[in-house]
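Just so it is clear, none of the values below were taken in a lab; they were calculated from the coordinates. The shown structure was predicted, so the numbers you read here are calculated from the model rather than taken from an experiment. Every residue, glycine among them, receives a Cβ derived from its backbone with ideal geometry; neighbour counts consider all protein chains shown.
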Amino acid sequence: MHNFDFAKPSTIAEAAKALAADGAQALSGGQTLIPTMKQRLAAPGVLVSLTGIAEMQGVCMGDGGLHIGAATPHAVVAKEAKAHYPALAALAGGIGDPAVRSRGTIGGSIANNDPAACYPSAVLASGATVVTNKRKIAADDYFQGLFTTALEEGEFVTSVIFPIPSSAAYVKFNQPASRFALTGVFVAKYADGVRVAVTGAGNDGVFRWKEAEAALSGNFSADALSGLTVDPDGMIADLHGSAAYRANLVKVLTGRAVTAAG
Amino acid sequence: MPKDHGIGASLKRREDVRFLTGRGVYTDDMALHGQTYAVFVRSTVAHGRIKSVNTAKAAAMPGVLAVFTGEDFKDVGGNPAGWLINSRDGTPMREPKRPVLAHGKVRHVGDAYAAVVAETYAQAKDAAQQIADDSVIEELPAIVDMKAAVADASNRVHDEIPDNLCFDWGWIEDNRAAVDAAMQAAPHKVTLELVNNRLVPNAMEPRASIGEYNPGTGDYKLTTTSQNPHLTRLLVAAFVLGIPENKLTVVAPDVGGGFGSKIYHYGEEALVLAAAKKLARPVRWTAERSESFLTDAHGRDHVTKIELGCTKDGQILAIRTETLANVGAYLSNFSTATPTFLHGTLMAGPYKVPHVYVNVKTVFTNTAPVDAYRGAGRPEATYSLERIIDKMCRELNLDPFEVRRKNLLTPDQFPYTTPVGLVYDTGNYQATLDKAMAMADVSGFAKRAAESKARGKLRGMGLSTWIEACGIAPSHLVGILGSRVGLYDAATVRVNATGNISVMTGAHSHGQGHETVFAQIVAEKLGIPESSVEIVHGDTSKIPFGMGSYGSRSLAVCGTAMTKAVDKIIAKGKKIAAHMLEASEGDITFEDGKFQVAGTDKAKTFGEIAFSAYVPHNYPLETLEPGLEETAFYDPANFTYPAGAYICEVEVDEGTGKVDVVAFHCADDFGNVMNPLIVEGQVHGGVGQGIGQALLEFTTYDENGQLLTGSYMDYPMPRAEDVPFYNVDYSCQTPCTHNPLGVKGCGEAGAIGSPPAVVNAVIDALHRGGHTHVKHIDMPVSPSRVWSAING
């Protein structure tokens, strides 16, 4: 790790100001950034911690659904979202291990937009709203490819608002080493239809499986998927699974998520 | 009532108090006055010619005290291979020198070609990066695939070795024609090609070394993560740096696991010593986890074709194997023994097989060196054998349990000379098979399979009846086989004046629990409490010349040396007691800590005798030396041969291909058991590693020789949720016939016996699910491989 300066602002405005500095980098739970710095693959001049900002912490019901502060650790979401959005709480409780869940945050996860991270699937499947220090962004507009989001220079996530579905489930198949999602499927059923978001499988990161959404919106059961196929084109192929294997997982896990959602 | 002390008691490990409360002292925990930090400059290419290493800028950077390159060590001796293997044609193996730092060429990613020593770690790190930036290494095509390495003579890991072949070994070459004939004549022949996957050892504690030098005395000290400090001292002193052995102390303090990877001497140890001398300051180095992945000696990595000839009813007639064994870029110390004498000699298994022939070609590649890893050769033999027997059973529609029973040696056949050069002293393989079958409730399997099916899972059962040769090793035998060292061990038992005891052992404990179990043995023999016995290990300035711990040897070899030293103590005690009790020595008995004149109540306690030895006021000084301290060396007459039967049950998820091990039953014969709790722990750990190999772990280099599984993001280690609650039994005991404790080794058993049981269970599950086209899946039997096999 190289030397760096460290700032820990206590308001969103202060954070925005600190991040305007040359070479500044936002730090949330640090679960990706810190290991990257330790390997000297990143060397920001200033780290601006977002974890000391009270308004970016916590889980509560509010306008438009469940509001989760961007700097809220996974372990807190696992505990406090349970009563309101159990599938989301279960997802948070299944990320990494206890140490990761105590430090890692929802804002950090979706700002990084790792193609195998869990949270993007929940945000996309829920049609959630990503709130930043500048604006509100619909989930469908927010995720823009591998490690790429709609966030602009100097912009950071401050909270996420999740509409509460009538039923939902997340089923994740672990990559055996990292325990990221080799493939993970989040299914959420709303009055106006079903949304299915897939993480871990797509070459362009999290995506909606719209054919499944259409089939499930008519018949919310695993059987509704039987006629569908997933095209391996565009699926990730790596050491842990081929594109065809991941395409299979998308279908199998979607069915299991529907069954689990009930 | 189970015993609560002495031999056979399940005492909790005394060392765990310090380990579990953070009070262990590992190499990296030691802070030394004036210490400096070494960082190595490692090749980022797998194969390259070093054009220039420019250290001038780095040397001028803040805090930098010294820089070293391969040229600085060009003329010092090489780190040697411990075994000389001859090829089938009688020519000796090709033995390239392994340098302290690479010069001329780099031969694997991670190969160190320069080093920096600085005041701080960060300064050393910055300077190392500078050297990397200022060096020119011309990348050459990487040699990764073994078959290609042997086929393409134009591209060489070592320029002087034209076909990248270390040796082409036949075992036993004289039997080859007879085996070929038997195979030809066999009514049925089974063939299987398989890969024994390369594993990264992943000890919890990475390698670390501290070099010290005292210019006032000329003494060196190396504190290092070693499984055998004396062998390291011998290698560093005599073979690499040319330091007199008596001027070098090697200390291996608490060591957090080794699994084989810390048996060997590595260049980093030589570098910190040389740097310490140059600077007259302590020089320390601790591997980053990435360095461990790139540079610790890896394990396994065999590609094997095995053939088996048998009768139609499953009597095995002949076995023949051809193996390519990867030795990596350099010969690590035991690397030539592992694929040969620790592998080929086990290819008859626990079976009566008249004809066995093993051929191993060991190949240099541009990958990390490969050497012994928990089990070392024996897991490779067991896996090949138990997988092909399983395949035979499927091809001939035979019951795998009955086929094993039919072929197993029977208790009346011992001692048994195998066709591959070993003499099994004792065993009862039917007993462990019966026991495992009872433990596993084999007859209840159908019901369990139906229950699994109701939950959408395919259930399968796999068997492995394994044997291994450990307690390494009889020196006379391994000498014939090419070993360049003896493999005895030694212990000193020092009775202090107040009657308590320090035992100095050549064995090194890096997780095995020696401090507990060795104390139990001494306490039992002397009739004193364990708390009176201290076990000292890991410091060449304190212990007798021993050969360390690996090959499940500590108890069988060093434990025997210790037992013999205690016997000498008792014998001397009898002499002292005879004098004090005014009786003849022959009339003195020793029992329960008391020296007694037989048939009388005249007696002296052990403590009284000890005191008399050190305060010899009433003592036969004219015929007997004062003091009570004895050393014994012990060289075993044979290997020990633990054996057992393992039964694994798995559930396979057809949708995802995921395999869950739902039950694992181990019936082992370890001879007499000194501490059941520790034995169970060793089996649990070994089976856990075996399940890791079978289901999860793999090491992948790409075609450029880059390690793709170089971190825990991609290298899957088994976790608690990947293993079941083990069902372990060691009640079938045929005591070893040639050591006084009657013990066999237990440390590697689990890792040897378990992988084929797991894979056999997966194949069984798939067949029961109708996927009968799946004949074999290479390890790791990962979800994607299982799914691909089902859908292939």
Calculate I(q)/I(0) for the stretch B:682-741 by the Debye formula, one identical point scatterer on each C-alpha and no solvent, and give its log10 at q = 0.12 Å⁻¹ to two decimals.
-0.50
Qualifying GluC sites (Glu not before Pro) for the stretch A:124-172 [loop in DSSP, other Cβ within 10 Å: at most 16]
A:Glu152, A:Glu153
Order of A:Met61, B:Met779, B:Met183 - criterion: other Cβ atoms within 10 Å of each residue's Cβ, fewest first:
A:Met61, B:Met183, B:Met779
Hey, what number do you get for the protein assembly as shown at 222 nm if only DSSP H runs of n ≥ 4 count, each worth -39500 (n - 2.57), divided across all residues, to the nearest 500?
-8000 deg cm²/dmol
Please state the Cα pair-distance histogram of the protein assembly as shown with 10 angstrom bins from zero: what percent is in each bin?
2, 10, 17, 20, 20, 16, 10, 4, 1, 0, 0
Tell me the volume per residue, in Å³, of the convex hull enclosing the alpha carbons of the stretch B:488-634.
105 Å³
How would A:Thr72, B:Thr640, B:Thr191 line up from fewest to most surrounding beta-carbon atoms within 10 angstrom?
B:Thr191, A:Thr72, B:Thr640
Debye, to nearest 20: dipole size of chain B, +1 on Lys, Arg Cβ, -1 on Asp, Glu Cβ:
380 debye
Computed on alpha carbon atoms, what radius of gyration and Dmax characterise the stretch B:665-711, expressed in Å?
16.7, 50
In Å³ and rounded to a whole number, note down the convex hull volume per residue for the Cα atoms of the stretch A:5-49.
59 Å³
Whole-percent pair-distance distribution, where bins are 10 Å wide, for the alpha carbons of the stretch A:167-261
19, 53, 25, 3
Restricting the count to DSSP beta bridges whose residues both fall in the protein assembly as shown, what percent are antiparallel, rounded to a multiple of 5?
80 percent
Dipole-positive endmost among A:Pro98, A:Val76, A:Ala111 within the stretch A:68-149 (Cβ charges, Cα centre):
A:Val76
Can you give the percent of C-alpha pairs in the stretch A:179-224 whose distance is more than 17 Å?
33 percent
³J(HN,Hα), Karplus 6.51/-1.76/1.60, whole Hz, each residue of the stretch B:462-469, x for Gly, Pro:
x, 10, 9, 10, 10, 9, 8, 10
May I have the pair-distance distribution P(r) for the stretch B:309-431, computed from all Cα-Cα distances with 10 Å bins from 0 and rounded to whole percent?
13, 39, 31, 14, 3
Please list, by residue number, everything in the stretch B:233-258 whose backbone N is under 13 Å from a paramagnetic label point 7 Å out along Cα→Cβ of B:Leu32.
B:248-253
Tell me, what is the percent relative contact order of the stretch B:84-184, built from C-alpha pairs under 8 Å that lie six or more residues apart?
31 percent
With the dipole of the protein assembly as shown worked out from charges on the C-beta (+1 for Lys and Arg, -1 for Asp and Glu) around the Cα centre, which of B:Val493, B:Thr223, B:Tyr712 lies farthest toward the positive end?
B:Tyr712
Go ahead and run the numbers for FRET between A:Lys8 and A:Ala138, Cβ-Cβ distance against an R0 of 41 Å, rounding to 0.05.
0.85
Out of A:Gly45, A:Ala260, A:Val196 - ranked by how far each Cα lies towards the positive end of the dipole of chain A, with unit charges on the beta-carbon of charged residues - the top one is A:Ala260
If I fit a long axis through the Cα atoms of helix A:243-261 and take the longest principal axis of the Cα atoms of chain A, what angle between them do I get, 0 to 90°, rounded to 10?
80 degrees
Let me know the charge dipole size of chain A about its Cα centre in debye, to the nearest 20, where only the beta-carbon of Lys, Arg (+1) and Asp, Glu (-1) is charged.
660 debye
Pairs B:Lys312/B:Lys406; B:Lys525/B:Lys564; B:Lys221/B:Lys542; B:Lys3/B:Lys574; A:Lys251/B:Lys457; B:Lys542/B:Lys574: which are spaced more than 20 Å apart, C-alpha to C-alpha?
B:Lys3/B:Lys574; B:Lys542/B:Lys574
Only counting other Cβ atoms within 10 Å, I'd like B:Lys435, B:Lys74, B:Lys352 sorted with the fewest neighbours first.
B:Lys74, B:Lys352, B:Lys435
Cα gyration tensor of the stretch A:130-172 diagonalised, 5x eigenvalues square-rooted, in angstrom largest first, produces semi-axes 23, 14, 8
Using only the Cα atoms, what convex hull volume per residue in Å³ does chain A have?
116 Å³
Hey, any idea what Rg/Rh is for the stretch A:54-162, computing Rh the Kirkwood way over Cα pairs?
0.92
For chain B, compute Rg over Rh where Rg is the Cα radius of gyration and Rh is the Kirkwood radius from the inverse mean 1/r over Cα pairs.
0.99
Which longest run of chain B has no exposed loop site in it, a site being chymotrypsin sites (Phe, Trp or Tyr not before Pro) in a DSSP loop with at most 16 other beta carbons within 10 Å, and the site itself not part of the run?
B:1-711
B:Asp601-B:Arg88 pseudo-label distance in nm [points 7 Å out on the Cα-to-Cβ vector]
7.7 nm
Report relative contact order for chain B in percent, whole number only (criteria: Cα-Cα under 8 Å, sequence separation at least 6).
15 percent
From the phi angles alone, apply the Karplus equation (6.51, -1.76, 1.60; θ = phi - 60°) to the stretch B:425-434 and give each ³J(HN,Hα) in whole Hz, x where the residue is Gly or Pro.
7, 6, x, 8, 6, 5, 5, 5, 5, 4
